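One structure is given below, encoded as structure tokens.
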Amino acid sequence: MPFLYKRSFRSLSLVVIVALFLVSCGTGENPLSIDTPLTTFATDGYESSQIYSLFQPIFWMAIGVFVIVEGLLIWSVIRFRRRPTDGIPVQLHGNLPIELAWTIAPAILVLVIAVLTFRTQAELDRAPQNPLTVTVIGHQWWWEFQYPEGNVITANELHIPANRDVVLNLRSADVIHSFWAPRLSGKTDLIPGHENKLLIRPLGEQQVIVRGHCAEFCGGTHAMMAFHVVVQPQAEFDSWLAQQAAAAATPAGVAQAAASPPATGATVAATVTGEAATGDEVAATTAATVAATANAPETTTPVAEPTSLEAQGYQLFASKGCVGCHAITGYPGAVSRVGPDLTHVGGRQHIVAGWLENTPENMTRWLRDPNEVKPDNVMGTAIKLGTLQDNEIAALTAYLESLK
Ligand code: HEC
Ligand SMILES: [Cu+2]
């Protein structure tokens, strides 16, 4: 029976492989697939178009090599196949013309590829003209963007002007990440303790939003470390930057006493603005936050009751320990850089590192149970299913969504 057994095993594995393939092609829940595809074949930037025009000749040369080599192979197999009347074929050793040909032809091809590649590399390494500088800090598993020009810090949504050189200073707060927005440029690593630079120049007149993703495995939820790049005409970019530089509005109805909420955990978390939080700080803050959240006594809530949902959310932002990890400019005590800056979170199109569209439903889902959305994430160490009650989630959502 071993023969029969082998055959049925083989057809079974074939069925399994085909089924796995079909499942993998299926409709996995990936909200990002509705966006512009993450592709190098459509270019929205000078660098990506340079890389694409290097790819094209190399691709066609490779196709030529493939067709010639496989064609000769198939032709020889058929033409020189052994017939029943054939005896032992002529025994050869070496053929100088053929050996010269298959040494020199590839050498010429490799030389051509090298020249084209060096030309493209020189173009990618060109000196920037009047660049905008943005510092990009990779965190497990989200992106921080700092604009020294406008004194602005934001997260997961990089805004840059079109038709202008942009220099990205790439840093990491923890492990190695890689910045990859293929429609704009190739990828470059973010390495702890070292600053890499990436020059990009988006092209076009209209606003475009392109996707990006971390392209270096960086731990548990690397697969959900996405971002978006919003390319805008310079004037629109300028007004965006000015708007981001403004402090967050304090909701109407916040009682006078709440204007200076208790700085829960913020003392531990207070990191120098502009510096990335280190892993140790994250741990320290997490501990502090958990402690602060646990023993935040009722007395820390202000005397007067806040009148609106936003105002309640404003207050909960301190009393629930959010200030231990998040900065909001204009919110007393909210200066920590462990998590994304939330000063204008309501104006972002996505939350949770490009993963969820920024809707009240998704914000609610995130605050109810961060671990359900994104396993292993740092916020999930402090905020778990049940940490926040439904009415608290509603208030926090209203407050955060009001921060345009
Ligand atoms: C232990 C630190 C910590 C605490 C406490 C914390 N967060 Fe977070 N938060 C994070 C981190 C880290 C992220 C990024 C998660 C990711 O995408 O991997 C995040 C993400 C977010 C985001 C999404 C931001 C964006 O643009 O993607 C929101 C909104 C948010 N937190 C709100 C809150 C609120 C409200 C609280 C209080 C109830 C809170 N957080 C408490 C660390 C924390
Ligand atoms: Cu990463």
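The values are calculated or read from the model by the stated rules, or taken from the named source; none is laboratory data. Computed from a predicted model, the values in this text were never measured in an experiment. As a convention, Cβ positions derive from the backbone with ideal geometry for all residues, glycine included, and neighbour counts pool all protein chains shown. Accessible surface areas use protein heavy atoms only, side chains included; no ligands, DNA or RNA. Shrake-Rupley method; radii C 1.70, N 1.55, O 1.52, S 1.80 Å.
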Report ³J(HN,Hα) in whole Hz for each residue of segment 85-102, in order, from the Karplus equation J = 6.51 cos²θ - 1.76 cosθ + 1.60 where θ = phi - 60°; Gly and Pro get x.
7, 6, x, 5, x, 4, 8, 10, 9, x, 8, 4, x, 5, 5, 4, 4, 7
Residue by residue through segment 137-149, what is 3J(HN,Hα) from phi via Karplus (6.51 cos²θ - 1.76 cosθ + 1.60, θ = phi - 60°)? Round to whole Hz and write x for glycine and proline.
10, x, 10, 6, 10, 7, 10, 10, 10, 10, 10, x, 4
Within segment 356-396, what residues put their amide N at less than 16 Å from the label point 7 Å along the Cα-to-Cβ vector of Q207?
358
For a quick check of understanding: with a 1.4 angstrom probe and all protein chains in place, what accessible area in square angstrom does R81 have, to the nearest ten?
120
Convert each backbone phi in segment 377-385 into a coupling constant with the Karplus relation 6.51 cos²θ - 1.76 cosθ + 1.60 (shift: θ = phi - 60°), then list the ³J(HN,Hα) values in order as whole Hz, x for Gly and Pro.
5, 5, 5, x, 6, 10, 9, 10, 4
Give me the aspartates and glutamates in straight-line cross-link reach of K320: C-alpha distance below 14 Å, same-chain residues under 8 apart excluded.
E298, D390, E392
For H93 and A249 in the same chain, what is the full-extension length gain: residue separation times 0.36 nm, less their Cα-Cα distance, in nm?
47.7 nm
Tell me, what is the Rg over Rh of segment 328-387, with Rh the Kirkwood radius over Cα pairs?
0.96
Under 13 Å from the Cα of K197 - aspartates and glutamates, other chains or at least 8 residues apart
D125, D165, D189
Interchain or long-range residues, amide H under 5 Å from A155's placed H:
F145
How big is Rg to Rh over segment 132-244, alpha-carbon atoms, Rh as the Kirkwood inverse-mean-distance radius?
0.95
Cβ-Cβ FRET estimate between E392 and A223, R0 fixed at 30 Å, reported to 0.05
0.50
If amide hydrogens are placed 1.01 Å from N in the peptide plane, which non-local residues have theirs closer than 5 Å to the one on G321?
none
Students sometimes get this wrong: rank V115, V136 by accessible area, probe 1.4 Å, all chains present, largest first.
V115, V136
Additional length obtainable on full extension of the chain from V110 to L124, 0.36 nm per residue less Cα span
3.0 nm
